[in-house]
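Just so it is clear, none of the values below were taken in a lab; they were calculated from the coordinates. Source: prediction; values computed, not measured. All Cβ positions, glycine included, derive from the backbone under ideal geometry; neighbour counts span all protein chains shown.
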Amino acid sequence: MGKFLKAFFTLFVAMNVIGILPIFFVITESLSNKEKNKTIIEGVSTAFLITFIFIFLGNWLFKILGIETGDFMIACGIVLLVLSIMILTESYYPKEVKRQRIAVVPLGTPLLAGPGLLTTSIMMSSLYGYQLTAISLLIVSIISGLILFTGAKIYKIIGEEGIKGISKIASLFLAGIGVMIVRKGIDFFK
C-alpha cells in the first residue's frame with residue numbers, strides 16, 4: 001500500500017490538474033457545457049493513453065529515436081513556454097475555439113500529460129513496477145477528470161475577471177515551469 005500511495009501522489013502532483021484549472025477555464029470559455037464535458041473526457045483520455053504508453057515504451061522509444069531524456073525535457077519546456085506566452089498575450093485562441101483543437105493539444109498534452117508526468121511515469125515504473133504505476137495513473141486520471149468537471153462551480157464562485165486574473169498568473173507560472181524544464185534538460189547533459 002505504501003508503494004501505491006507514493007506512486008499515486010507522485011503522479012497526481014506531476015499531472016498538476018489543480019495548476020492547470022485557470023488555463024482550462026480560458027481555453028474552454030467559449031464552449032458549451034456539452035462541449036466542455038466532451039473536451040474533458042477526450043483530454044484526460046489522451047493524457048492517460050500517452051502516459052500509459054510512456055510507462056511501458058518510454059525508455060525504448062527514446063533509445064530507438066536517439067533522444068536523451070534531456071532532449072525531451074528541453075523540447076517540452078519550449079512548448080510550455082511558447083504556450084504560456086501566447087496565453088498571456090491572448091494570441092493563442094481565436095474568438096471561436098473548436099473542441100477538437102484543444103482536447104488533445106493543449107489539454108491532453110502538454111498540460112495534463114506534460115514532460116513532468118511523462119518522465120515521472122517512467123521513473124515510477126522502474127521504482128514500483130509497471131502494473132502499480134499503471135493502476136496509479138488510472139486513478140489519478142479519473143480524479144483529474146472529476147476535478148475538471150467540477151471546475152464550473154469554481155468558475156461561478158471566482159467569476160470571469162477572477163479567472164482571467166488567475167489564468168494570467170498561472171501562465172507566468174507555466175512559463176517558469178517551461179524555463180525550469182529547459183534548464184533541467186540542459187543540466188542533464190552536464
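According to the Kirkwood relation over distinct C-alpha pairs, the hydrodynamic radius of segment 1-80 is 15.1 Å. Between I154 and M1, full extension at 0.36 nm per residue minus the direct alpha carbon distance yields a gain of 51.8 nm. Each peptide in 128-134, 184-190, 155-161, 17-23 receives the mean, over its residues, of other Cβ atoms within 10 Å, and ordering these scores from highest gives 17-23, 128-134, 184-190, 155-161. Here are some pairs, K3/K36; K6/K164; K6/K38; K38/K168; which of them have Cα atoms lying more than 27 Å apart in this structure? Beyond 27 Å between Cα atoms: K3/K36; K6/K164; K6/K38. For segment 122-169, pairs of C-alpha atoms spaced more than 16 angstrom apart make up 58 percent of the total.
How many nm is it between the label spots at S45 and T89, if each spot is 7 Å from the Cα in line with the beta carbon? Taking the two extended label points, one gets 3.5 nm. For S30 and I53, a Förster radius of 41 Å and the Cβ-Cβ distance give a FRET efficiency of 0.85, rounded to the nearest 0.05. No solvent, one uniform scatterer per C-alpha: report log10 I(q)/I(0) for segment 39-94 via the Debye equation at q = 0.14, 0.21, 0.30, 0.31 1/Å, two decimals. Computed log10 I(q)/I(0) values: -0.57, -0.95, -1.05, -1.06. Label sites at M123 and D71, each approximated as a point 7 angstrom past Cα along Cα to Cβ, lie 2.1 nm apart.
Taking the Cα atoms only, what angle lies between the long axis of helix 33-65 and the longest principal axis of the chain, rounded to 10 degrees? Once rounded, one gets 20 degrees. Per residue of the chain, what 222 nm ellipticity follows from adding -39500 (n - 2.57) for every DSSP H run with n ≥ 4, rounded to the nearest 500? Helix-only estimate at 222 nm: -27000 deg cm²/dmol. For the chain, what log10 I(q)/I(0) values come out of the Debye formula at q = 0.09, 0.14 1/Å, with one point per alpha carbon and no solvent? With no solvent term, the Cα-only Debye profile gives -0.32, -0.78. Among K168, K38, K153, which one shows the highest mean-square fluctuation when the chain is modelled as a Gaussian network with alpha-carbon springs under 10 Å? Maximum among the listed residues: K153. Estimated at 0.36 nm per residue, the fully extended path between I142 and R183 surpasses their Cα-Cα distance by 11.6 nm. Using the Karplus relation 6.51 cos²θ - 1.76 cosθ + 1.60 with θ = phi - 60°, the per-residue 3J(HN,Hα) values for segment 123-132 come to 5, 5, 5, 6, 7, 10, x, 5, 5, 4 Hz, with x marking Gly and Pro.
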